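Before any comments, here is the structure.
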Amino acid sequence: MSKQWIAMLAALLLLTSCSTKPEASPDPAKSEPPASSQPVSGGEKPKTADGASSANQPAPAPVKEGKESAPADGGNKQEQPAAKRYTMNPKTYDIVPIDPNGTPKKVVLLTFDDGPKDLEMNKALLDTLQKHKAKAIFFLNGYRVKQKPELVKLIASSGQTIGNHSWDHVDLKKEPKEKVDQQIGDVQKAIKELTGKAPVFFRPPFGSGSDDVRAKAKEEGLLFMTWSNGSKDWEMTVKKNSPEQVISNVLNQLHPGSNILMHELPWTVEALDKLLTQLEEKGYGFVDPEEIEVTA
Ligand SMILES: [Zn+2]
């Protein structure tokens with residue numbers, strides 16, 4: 001037998017062995033490998049003996065990262081988008097009915113800025129809102145979102161609306177375009193990652209906007225708003241009468257469509273139940289932010 005013949009035979013053997021090697025084709029529908037068996041992607045895992053052996057395992061079926069998945073407790077959230085019954089006056093920031101004949105105009109929009117700060121405060125606000133069947137926008141800061149992601153999920157799963165209040169609570173009017181884009185864009189991403197939904201409402205810190213700020217808000221599909229009824233709760237400190245002052249400040253400026261600015265502050269938390277009761281007694285309803293038409 002010639003050497004050539006042996007070489008051919010060897011090559012043939014090699015070919016056969018390759019083609020009959022069982023292919024790794026796990027049925028993803030039947031058996032999704034547990035997360036713990038997933039190899040670390042990107043080769044960032046140190047080369048230990050363990051890492052070397054796992055490199056020989058067949059590639060598992062790709063597992064979705066859940067980017068588009070609903071939030072964990074999305075089951076009890078209303079999936080149907082609410083009908084748009086209100087619009088915002090872009091000059092006064094008041095909330096007005098789209099159809100003045102069919103929709104009550106004696107309403108207020110409740111907003112709470114600068115959170116999420118503290119579980120107890122958020123819980124108390126959410127409970128009081130629920131008690132009054134009221135909805136609100138929580139305008140959150142990115143750096144706080146990063147610190148307390150569980151509170152962001154709590155607010156969203158309570159059926160309340162989350163708004164964008166920039167990442168660092170800086171005066172955006174004084175910032176260059178790149179910084180403005182980042183301050184707004186990063187909050188959109190962070191909240192979408194946590195709740196499955198990017199905000200559609202934007203309020204600049206200090207109510208301070210610019211052409212760049214408005215352009216970025218528009219690009220992100222955000223409705224830019226400041227407020228039309230400031231509770232001035234930010235000027236207060238822990239004093240016995242502070243909750244009363246929050247209430248009287250809001251009532252003194254009360255008008256149909258009031259876009260009420262409040263904050264996650266202890267005296268505001270304390271004032272809320274009484275404030276909402278008094279608003280109800282005056283015949284005011286609470287606008288569900290989801291009913292506000294967003295024309296960025
Ligand atoms: Zn603020």
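Summary of values
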| item | result |
| --- | --- |
| Members of segment 250-266 found to be within 25 Å of the chain's Cα centre (by Cα) and assigned to a helix (DSSP H, G or I), listed by number | P266 |
| Segment 201-225, residues that are crowded, with 22+ Cβ neighbours inside 10 Å and either touching a Cys at 6+ places or on another chain (Cβ under 6 Å) or aromatic (F, W, Y) (or both) | F201, F202 |
| First in segment 99-119 and without any contact (Cβ under 8 Å) to a residue 60 or more places away in the chain, second anywhere and acidic (D, E) and within 15 Å of the ligand (Cβ to nearest atom), Cβ under 8 Å, 6 or more apart | none |
| Any hit, segment 184-191, residues being crowded, with 23+ Cβ neighbours inside 10 Å and either over 27 Å from A124 (Cβ atoms) or within 13 Å of the ligand (Cβ to nearest atom) (or both) | yes |
| Matching residues, segment 202-245, being more than 26 Å from the chain's Cα centre (by Cα), within 16 Å of the ligand (Cβ to nearest atom) and either among the β-branched types (V, I, T) or assigned to a loop (DSSP other than H, G, I, E, B) (or both) | M236 |
| Selection from segment 123-144 of residues that are away from the ligand (no atom under 16 Å from the Cβ) and over 17 Å from N259 (Cα atoms) | K123, A124, L126, D127, T128, Q130, K131, H132, K133 |
| Per-region count, segment 164-201, residues of a type in the set (G, A, S), touching a residue at least 40 places away in the same chain (Cβ under 8 Å) and part of a helix (DSSP H, G or I) | 1 |
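Where a number appears in this text, it was derived from the coordinates with a stated rule and is not lab data. Bear in mind the structure is a predicted one, so any value in this text is a computation, not a measurement. Using ideal geometry, Cβ is built from the backbone for each residue, glycine included, and neighbour counts are taken over all protein chains shown.
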